[in-house]
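Enquirer: I have a structure here, written as C-alpha cells, and I will follow up with some questions on it.
The values are calculated or read from the model by the stated rules, or taken from the named source; none is laboratory data. Given the structure is predicted, the values throughout are model-derived calculations rather than measurements. Note that each Cβ is placed from the backbone with ideal geometry, even for glycine, and that neighbours are counted across all protein chains shown. Ligands, DNA and RNA are stripped out before the accessible areas are found, and what is left, the full protein with its side chains, is counted by its heavy atoms. Shrake-Rupley method; radii C 1.70, N 1.55, O 1.52, S 1.80 Å.
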Amino acid sequence: MNPRLQSLHPYPFERLRQLFDGVAPNPALAPISLGIGEPRHATPQLVLDAYAQALHDPGLASYPATAGTPALRQACAQWLARRYGVQADAGREILPVNGSREALFALTQAVVDPGDTQAIVVCPNPFYQIYEGAALLAGAQPYYVNSDPARNFAVDWDSVPHEIWQRTQLVFTCSPGNPTGAVMPLAEWDKLFALSERYGFVIASDECYSEIYFQDEAPLGGLQAARQLGRDWQRLVMLTSLSKRSNVPGMRSGFVAGDARILEAFLLYRTYHGCAMSLPVQVASIAAWNDERHVQDNRALYREKFAQITPILAEVLDVRLPDAGFYLWAGIPPRLGLSDTAFARALYEQQAVTVLPGSYLARDTAHGNPGAGRVRMALVAETAPCLEAAHRIAAFVRSLG
C-alpha cells in the first residue's frame, strides 16, 4: 500500500461521528443537521429536463472525451465572460472536471514535483481538508497560514517566512472562503501574485462558493483580479463548480480555467486518470451554465434565510453575516467555558442540532488553532428547519447562563 495514506487525517465528519458516539440526542426534538455543506435547495427543472433528454440523445453508448465537448467548454467560457468580464480560450484555457473536489486533488498531483522531498503546499487555515490530503499524497508537506479575524478572516500571507516560500510549489486560496465566507480583495490578490512571480509557485483558486453572496457586488475571482491588475494567467488556475451555484452536488460537474500550459499537462494527467464527464452530465451542465435566473433565485433564498437567522444567533454567539457562502462561522463566548467540541456535543445532546467544531477544520500552528472556540453552521436546508435550529441554539446558549 502507498505509505503516504498513513499520513492522512480523519475527515471532519468521521471525527464528528466519533465525538457523538454514545450520545443520544433529545428524543423530544426532531434532529436538525447544520453540519454538512450539502446544498438542499431544489435542483432547477431546466437542468433535470436537459439531463433526462440527454439520457436518450446522445445517451450512454459512447466514451466521452476527457477534454469535454466543444459546446461545454464554450458554455464555460461564455459564463466566465458574463460573470467576470474575462475572455478565455475555450480550447486551451478551460477544462471540464467532475466537481471542484476531484479537480483540487488531481491538480495537486499534476503540479507537485514528486522528486522534490522539500516541496511545500501552502493552505489557508482553517481550510477544506482536500487541500491537505492532496498535498500529502503528492509527497509535499502542507504549510498552514492562519486567517486573521481582525481583518475579516483574511489569510496572513505576510506571516509566511522566506524559506517556506522558497520551497512552495502550490498555494491554495478559497474565496469566498470555507468556513469563514471571506472574499479576497484585490490588494490581497496583488500581494499573492507578486509572491508567485517571485517564487514561481502555482496558485489554485477554489471559487466554488462564488455565486452565493450577500452584497450587491459579486465576489472578485482570481482570473478577474489578474486581468484588473494587468497580469496574465501564468501559474494561475481557478476551479469552480455547479454544486452550490445550481444545487446539483450529485451531478459532479465543474471546470477549471487559467494557465494554458498547466491545463495542457493537467489534461494529459486526467486522460490517464480516467476522469471524463459523461455526455448527459455535460449536456445538463451546458443548460446550467447558460442560465442565470435560477442562480438569482437561489441567491435570493439564501439572502432571505441568512437575514432571518443571523440576528438570532448574533444575540448569543460571536457571529455576523459573511461576505458570501452558506456558512456561519460562529465564535463561542468564552464565559461559557466550553471548547468547540464540548459545545457541539452538548448542543447535539440537548437540542438535537448538529454543528461542526471549528477545530476540526483547522490545524494547530505556533499561533494556535484558528478554528478553536468556533463552530461552523451550514445553512443549506430550507428556511424553516434552519430557523428552528437557530432558536434551539439560542435557547441552549442562554440555558448555560
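Enquirer: List every residue pair whose Cβ atoms sit under 8 Å apart, with the two residues 6 or more apart in sequence or on different chains, where the first one lies in the stretch 373-396 and is closer than 14 Å to residue 327 by Cβ and the second, anywhere, is among the charged types (D, E, K, R).
Expert: Short answer, once both residue conditions are applied: 374/340; 375/340; 378/38; 379/305; 380/38; 380/40; 381/40; 386/305.
Enquirer: Restricting to the stretch 363-378, what's the tally of residues that are among the aliphatic types (A, V, I, L, M) and surrounded by fewer than 23 Cβ atoms within 10 Å (Cβ to Cβ)?
Expert: First, the residues of the stretch 363-378 that are among the aliphatic types (A, V, I, L, M): 366, 372, 375, 377-378.
If we keep only those that are surrounded by fewer than 23 Cβ atoms within 10 Å (Cβ to Cβ) as well, we get 366, 372.
Adding up the residues that qualify gives 2.
Enquirer: State all residues of the stretch 24-74 that are in contact (Cβ under 8 Å) with a residue 24 or more places away in the chain, assigned to a helix (DSSP H, G or I) and either farther than 30 Å from residue 300 by Cα or more than 30 Å from the chain's Cα centre (by Cα) (or both); if no residue qualifies, say none.
Expert: Selection gives 53, 55.
Enquirer: Considering only residues of the stretch 138-172 that are charged (D, E, K, R) and not in a strand (DSSP E or B), which is farthest from the chain's Cα centre (by Cα)? Walk me through how you get there before you give the answer.
Expert: Residues of the stretch 138-172 that are charged (D, E, K, R), as a first pass: 148, 151, 156, 158, 163, 167.
Subset that is not in a strand (DSSP E or B): 151, 156, 158, 163, 167.
On the way: 151: 20, 156: 19, 158: 23, 163: 28, 167: 25 Å.
Looking at the filtered set, the residue picked out is 163.
Enquirer: Now for a different question. Out of contact with any Gly (no Cβ under 8 Å at 6 or more places or on another chain) and open to solvent by less than 10 Å² (accessible area, probe 1.4 Å): is that true of residue 201 in this structure? Break it down into steps so the answer makes sense when it comes.
Expert: Values: out of contact with any Gly (no Cβ under 8 Å at 6 or more places or on another chain): yes; open to solvent by less than 10 Å² (accessible area, probe 1.4 Å): yes.
So residue 201 passes the test.
Enquirer: Given the residues 171, 183, 155, 160, which is the only one that is farther than 22 Å from residue 108 by Cα and either touching a Ser or Thr at 6+ places or on another chain (Cβ under 6 Å) or not basic (Lys, Arg) (or both)? Before you say what the answer is, go through the steps one by one.
Expert: Values: 171 fails: farther than 22 Å from residue 108 by Cα; 155 fails: farther than 22 Å from residue 108 by Cα; 160 fails: farther than 22 Å from residue 108 by Cα.
Just a single option satisfies the conditions, and that option is 183.
Enquirer: Out of all the residues in the stretch 1-12, which are without any contact (Cβ under 8 Å) to a residue 24 or more places away in the chain and either hydroxyl-bearing (Ser, Thr, Tyr) or not in a helix (DSSP H, G or I) (or both)?
Expert: Restricting attention to the stretch 1-12, the residues satisfying the condition of being without any contact (Cβ under 8 Å) to a residue 24 or more places away in the chain are 1, 3, 6, 10.
The answer is 1, 10.
Enquirer: What number of residues within the stretch 205-244 are among the charged types (D, E, K, R), touching a residue at least 40 places away in the same chain (Cβ under 8 Å) and farther than 12 Å from residue 324 by Cβ?
Expert: Number of matching residues: 2.
Enquirer: Just to check your reading of the model, which residue among 135, 81 is surrounded by fewer than 19 Cβ atoms within 10 Å (Cβ to Cβ), outside any loop (DSSP other than H, G, I, E, B) and not β-branched (Val, Ile, Thr)? Spell out how you get there, then give the answer.
Expert: Numbers: 135 fails: surrounded by fewer than 19 Cβ atoms within 10 Å (Cβ to Cβ).
Residue meeting the stated conditions: 81.
Enquirer: Among the numbered criteria (1) in the same structural domain as residue 361 (by the TED database); (2) touching a residue at least 12 places away in the same chain (Cβ under 8 Å); (3) open to solvent by 50 Å² or more (accessible area, probe 1.4 Å); (4) in a loop (DSSP other than H, G, I, E, B), which one does residue 15 miss?
Expert: Going through (1) in the same structural domain as residue 361 (by the TED database); (2) touching a residue at least 12 places away in the same chain (Cβ under 8 Å); (3) open to solvent by 50 Å² or more (accessible area, probe 1.4 Å); (4) in a loop (DSSP other than H, G, I, E, B) one by one, residue 15 breaks only (4).
Enquirer: Identify, from the list 250, 258, 254, the residue that is assigned by the TED database to the domain that holds residue 201, without any contact (Cβ under 8 Å) to a residue 24 or more places away in the chain and touching a helix residue (DSSP H, G or I) at 6+ places or on another chain (Cβ under 9 Å).
Expert: Values: 258 fails: without any contact (Cβ under 8 Å) to a residue 24 or more places away in the chain; 254 fails: without any contact (Cβ under 8 Å) to a residue 24 or more places away in the chain.
Within the list 250, 258, 254, the selection yields 250.
Enquirer: Being under 14 Å from the mean Cα position of the chain (by Cα) and in the same structural domain as residue 106 (by the TED database) narrows it down to one of 183, 237, so name that one.
Expert: On the way: 237 fails: under 14 Å from the mean Cα position of the chain (by Cα).
Testing whether each residue is under 14 Å from the mean Cα position of the chain (by Cα) and in the same structural domain as residue 106 (by the TED database) leaves just 183.
Enquirer: Now for a different question. Could you grab me the full set of residues in the stretch 261-283 that are open to solvent by 40 Å² or more (accessible area, probe 1.4 Å) and at pLDDT below 95?
Expert: If the condition is that a residue be open to solvent by 40 Å² or more (accessible area, probe 1.4 Å) and at pLDDT below 95, then 273, 274 are the ones that fit.
Enquirer: For the stretch 332-352, name all the residues that are touching a Phe, Trp or Tyr at 6+ places or on another chain (Cβ under 8 Å) and outside any helix (DSSP H, G or I).
Expert: Result: 332, single match.
Enquirer: Inspect all residues belonging to the stretch 381-401 and state whether any of them is within 19 Å of the chain's Cα centre (by Cα), surrounded by fewer than 24 Cβ atoms within 10 Å (Cβ to Cβ) and not assigned by the TED database to the domain that holds residue 214. Don't jump to the end; show me each part of the working.
Expert: Here is the first cut: in the stretch 381-401, the residues within 19 Å of the chain's Cα centre (by Cα) are 381.
Checking the rest, the ones that are also surrounded by fewer than 24 Cβ atoms within 10 Å (Cβ to Cβ) come to 381.
Applying the additional criterion that residues be not assigned by the TED database to the domain that holds residue 214 yields 381.
Checking the stretch 381-401: at least one residue is within 19 Å of the chain's Cα centre (by Cα), surrounded by fewer than 24 Cβ atoms within 10 Å (Cβ to Cβ) and not assigned by the TED database to the domain that holds residue 214.
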